[in-house]
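J.: Dumping the structure here so I can ask a few things about it.
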Amino acid sequence: MQPLTNRSKPVQTREMTFLEKLYLPAIWTGMVITLKHFFMRKATVRYPEVKREFSATFRGKHVLKRDDQGAERCTACGLCAVACPAEAITMVAAERKPGEEKLYKEEKYAAVYDINMLRCIFCGFCEEACPKEAIFLTPETIPSMYERSDFIYHKDRLVESMDKRIDISKRQEKKLAVNN
Amino acid sequence: MQDEETIPQTTSTEEFILNVGPQHPSTHGVLRLKVTLDGETITHVEPVLGYIHRSIEKMCEKLSLRQFSYVTSKMDYLSSHMNNQACAMVVEQALQIEVPTRAQAIRILMCELTRIASHELWWGASGLDLGAVSPFFYAFREREMITDIFEETCGTRLTMNYMVPGGVMADIHPTFVAKVKEFIRLFKLRFHEYDELLTGNTILINRLKGVGVLTKEDAISWGCTGPVARASGVSCDIRKWYPYDGYEKLDFKEILDSEGDCMARYRVRMEEMKQSAHIIDQLIDNIPEGDFQAKTKNVLKAPKGDYYTRVETARGEFGIYMVSDGSQTPYRLKFRSPGFSNLSALPHIAVGAKMGDLMAIMAMFDLVIPDIDR
């Protein structure tokens with residue numbers, strides 16, 4: 001086998017000498033390596049002060065997108081609930097009344113849209129199944145909470161707010177959608 | 001003169017039963033070993049499973065052919081790419097989907113990166129089991145780079161769900177190639193540290209040499225696969241014997257050792273890391289252009305019949321046997337996980353060893369408990 005570097009040692013098969021049986025040289029070689037790392041670049045970050053950001057494609061907390069006019073894109077078709085392997089999504093559909101055009105993009109909308117974050121495995125299949133580009137996963141984690149009921153996210157926490165729009169354009173674009 | 005019955009033939013102490021686990025740092029999970037001791041010598045080992053049984057096989061019967069691979073990345077969480085790949089392959093075999101060459105190349109790259117990451121974690125954790133602390137940090141320094149690459153392309157760091165029937169879920173990230181190249185460069189540069197810290201270390205050699213010898217015949221009869229069997233001289237690399245997803249086009253060696261002791265298992269895994277780096281070297285500049293996913297129907301229905309696929313995970317042969325009745329969901333799934341068969345050899349080879357050697361044997365088996373106890 002070609003060694004990757006010429007610095008690796010072959011494994012010894014002979015009987016150990018007295019010096020080796022003392023283990024002191026073996027401890028010393030290990031110590032030299034660890035001591036060298038005192039003066040090398042640190043591999044860690046100082047966590048509470050410096051935060052390591054997730055990449056833009058990380059699959060975390062869901063968001064229900066609004067369109068450019070601020071109307072909700074979701075039409076409560078239920079494809080995401082069918083695609084979900086963990087059965088985390090439930091929804092109740094309702095019909096749009098006249099005068100609500102600015103709130104909801106199409107005639108049908110989700111009156112209730114719940115995601116149980118304790119069930120969700122963040123596979124991203126809802127995002128792939130959505131025909132209206134309404135649901136996306138964002139690089140945010142779900143914070144810990146005291147009550148189990150707090151983990152059921154309703155629409156108030158899922159729909160993006162108008163003043164704080166979430167940019168999902170950095171996610172990888174899907175050139176090829178699943179089609180017939 | 002005393003009776004012959006009252007004089008013991010050999011000096012032995014009272015039989016002592018010791019429970020290792022279910023919560024024990026060196027079992028790396030919730031595995032319980034019922035160890036019967038005579039003094040400090042092991043006379044009998046009985047692994048007790050069931051502490052992390054989640055009935056994944058039964059769960060998969062309810063999920064559709066697209067969905068069931070999402071559960072399997074929770075089985076062997078250190079080689080989740082390979083688990084997903086096996087699931088995708090069994091569906092592809094049933095529906096006769098042809099995977100584009102670009103998807104195949106991406107799959108191999110991901111699998112080999114996973115293999116390096118898994119072996120790195122094994123290297124660091126086995127160092128911890130044997131009393132060396134700093135290998136863990138150096139292994140995780142490199143492993144962190146791989147998980148960062150996975151995070152950018154696949155979206156998650158551990159349970160990827162990236163391989164889907166017909167290819168992969170998304171195309172590789174624009175920075176993927178550069179980052180993998182940088183990782184391979186640093187990995188080769190830093191590999192000598194691993195050898196200096198542990199491989200050539202007399203303390204480690206003393207702990208591992210001649211401990212837990214598994215002969216070739218036993219490795220075959222206990223159904224061992226992966227590095228455990230290859231260290232005993234059994235040629236069982238699925239990538240060589242039943243090439244899948246374009247492994248036949250690549251140049252790599254199957255690492256074999258003849259001694260069958262813990263040191264041989266250690267050496268096989270260290271060399272496998274180098275081979276994986278070699279495979280990535282060949283592919284990273286030659287990812288073919290094209291689709292990353294074949295066009296598949298929205299609803300997949302496997303024809304009636306039974307199908308078997310196998311992949312080589314970081315621990316050995318992972319096989320899926322699927323029986324389909326022609327509906328959207330599999331009628332029955334059986335996972336052949338490498339950890340379960342490898343563990344079955346443990347009671348056999350641990351008998352006669354000292355209690356301290358049991359930890360060394362366990363470390364070199366590289367067990368992942370959720371894989372054993374699906």
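The values are calculated or read from the model by the stated rules, or taken from the named source; none is laboratory data. Being a predicted model, the structure only gives us computed values, none of them experimental. Cβ atoms come from the backbone with ideal geometry, glycine included; neighbour counts cover every protein chain shown.
J.: So, of the residues in the stretch B:121-171 that are charged (D, E, K, R) and part of a loop (DSSP other than H, G, I, E, B), which turns out to be farthest from the other protein chains (Cβ to nearest Cβ)?
T.: B:Arg157
J.: Anything in the stretch B:172-214 that is assigned to a loop (DSSP other than H, G, I, E, B), farther than 21 Å from B:Leu121 by Cβ and either among the hydrophobic types (A, V, I, L, M, F, W, C) or facing another protein chain (nearest Cβ under 10 Å) (or both)? List them, or say none.
T.: Listed by number, the residues that qualify are B:Ile172, B:His173, B:Pro174, B:Thr175, B:Gly200, B:Lys209, B:Val211, B:Val213, B:Leu214.
J.: Also, quick follow-up: It is to be established whether one or more residues within the stretch B:302-311 are assigned to a loop (DSSP other than H, G, I, E, B) and out of contact with any Leu (no Cβ under 9 Å at 6 or more places or on another chain).
T.: Yes: one or more hits.
J.: Has the stretch B:96-110 got at least one residue that is of a type in the set (Ser, Thr, Tyr) and either under 30 Å from B:Ile361 (Cβ atoms) or facing another protein chain (nearest Cβ under 10 Å) (or both)?
T.: No.
J.: Of all residues in the stretch B:138-164, which are surrounded by fewer than 23 Cβ atoms within 10 Å (Cβ to Cβ) and over 21 Å from the mean Cα position of the chain (by Cα)?
T.: If the condition is that a residue be surrounded by fewer than 23 Cβ atoms within 10 Å (Cβ to Cβ) and over 21 Å from the mean Cα position of the chain (by Cα), then B:Glu152 is the only one that fits.
J.: Let me ask something else. Can you tell me which residues in the stretch A:104-121 are crowded, with 20+ Cβ neighbours inside 10 Å and either assigned to a strand (DSSP E or B) or in contact with a Lys or Arg (Cβ under 7 Å, 6 or more places away or on another chain) (or both)?
T.: A:Tyr104, A:Lys105, A:Tyr109, A:Ala110, A:Tyr113, A:Ile115, listed by residue number.
J.: Quick check on B:Met169: is it hydrophobic (A, V, I, L, M, F, W, C) and more than 27 Å from B:Ile320 (Cβ to Cβ)?
T.: In short, no.
J.: Restrict the check to the stretch B:284-297 and report whether at least one residue is over 16 Å from the mean Cα position of the chain (by Cα), within 14 Å of another protein chain (Cβ to nearest Cβ), assigned to a strand (DSSP E or B) and not hydrophobic (A, V, I, L, M, F, W, C).
T.: For the stretch B:284-297, residues over 16 Å from the mean Cα position of the chain (by Cα), within 14 Å of another protein chain (Cβ to nearest Cβ), assigned to a strand (DSSP E or B) and not hydrophobic (A, V, I, L, M, F, W, C): present.
J.: Condition first: of a type in the set (Val, Ile, Thr), outside any strand (DSSP E or B), without any contact (Cβ under 8 Å) to a residue 24 or more places away in the chain and away from chain B (no Cβ under 14 Å). Can you find one or more residues in the stretch A:72-93 that meet it?
T.: no
J.: If we scan the stretch A:145-163, do we find a residue that is in contact (Cβ under 8 Å) with a residue 40 or more places away in the chain and under 23 Å from B:Thr153 (Cβ atoms)?
T.: No, there is no match, as no residue in the stretch A:145-163 is in contact (Cβ under 8 Å) with a residue 40 or more places away in the chain and under 23 Å from B:Thr153 (Cβ atoms).
J.: Residues that are charged (D, E, K, R) and touching a Phe, Trp or Tyr at 6+ places or on another chain (Cβ under 9 Å), at least 1 per element: which helices (runs of 4 or more DSSP H) completely within the stretch B:313-374 meet that?
T.: Hits in the stretch B:313-374: B:369-372.
J.: On the basis of being surrounded by fewer than 10 Cβ atoms within 10 Å (Cβ to Cβ) and either at pLDDT below 80 or within 21 Å of A:Leu137 (Cβ to Cβ) (or both), does A:Arg52 make the cut?
T.: yes
J.: Checking the structure you have, find out if any residue of the stretch B:61-84 is free of Cβ contacts under 8 Å to residues at least 40 places away in the same chain and not aromatic (Phe, Trp, Tyr).
T.: yes
J.: Could you grab me the full set of residues in the stretch A:126-168 that are of a type in the set (S, T, N, Q), outside any loop (DSSP other than H, G, I, E, B) and surrounded by 11 or more Cβ atoms within 10 Å (Cβ to Cβ)?
T.: Once the filter is applied, which keeps residues that are of a type in the set (S, T, N, Q), outside any loop (DSSP other than H, G, I, E, B) and surrounded by 11 or more Cβ atoms within 10 Å (Cβ to Cβ), the stretch A:126-168 yields nothing.
J.: Continuing with this model, one more query. Being closer than 29 Å to B:Ile287 by Cα and in contact with a Leu (Cβ under 7 Å, 6 or more places away or on another chain) is true for just one of B:Leu37, B:Leu78, B:Leu130, B:Leu18. Which residue is that?
T.: B:Leu78
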